[in-house]
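Single-structure report; data block below.
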Amino acid sequence: PFLLWNLGLLVALSAVGLWWAWFALWIVPMATWFPLVTRLRNIAEHALVAKDEPDPFRHARTTRASLLERALIAPYYVNFHAEHHMMMHTPCWNLPLAHRLLAQKGLTGRMLTAPGYLSVLKEASAAN
């Protein structure tokens, strides 16, 4: 289905003279931006996290993302990654609420958190 959908999209765009749009808006981002963002998020979520950590609050990191970071790097509240690990079936739109509820109960102090994606990258690069 994935290949057929993309072939159909390429054919449809070609039919209206916009064949280049498929490459510009799909292939180029998949070869450049997507791997970069995926790697940044993976570092922010899991780097410098102890492998055999017994505390579930420290299995992943929550990163406080700015509006720009949320738009470009962390859509769908993926920056609330520790909450996602603790409550996997929580819909993405409820992860900020889960974080607030944990904060009200005084539990966020146990979590691994970062003030932003740049700070995690600095910390990870300093550790190497």
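General observations
- Calculated log₁₀ intensity ratio I(q)/I(0) where the Debye formula runs over C-alpha points of the chain, q = 0.10, 0.12, 0.16, 0.21 Å⁻¹: -0.44, -0.58, -0.84, -1.17
- Axis of helix 95-104 versus longest Cα principal axis of the chain: the two differ by about 10°, to the nearest ten degrees.
- Listed residues Glu53, Glu45, Glu69, most fluctuating in the chain (Gaussian network, C-alpha, under 10 Å): Glu53
- Rounded to 10°, Cα long-axis angle of helix 117-127 versus longest principal axis of the chain: 70
- Between helix 33-46 and the chain: long-axis angle, C-alpha atoms, 0 to 90°, nearest 10: 10
- Dividing the summed -39500 (n - 2.57) terms of all DSSP H runs of n ≥ 4 by the residue count of the chain sets its mean residue ellipticity at 222 nm at -15000 deg cm²/dmol.
- When only the Cβ of Lys, Arg, Asp and Glu is charged (+1, +1, -1, -1), the dipole of the chain relative to its Cα centre reaches about 220 debye.
Every number in this text was worked out from the coordinates using simple rules, so none of it is lab data. Being a predicted model, the structure only gives us computed values, none of them experimental. Every residue, glycine as well, gets a Cβ built from its backbone with ideal geometry; the counts of neighbours run over all protein chains shown.
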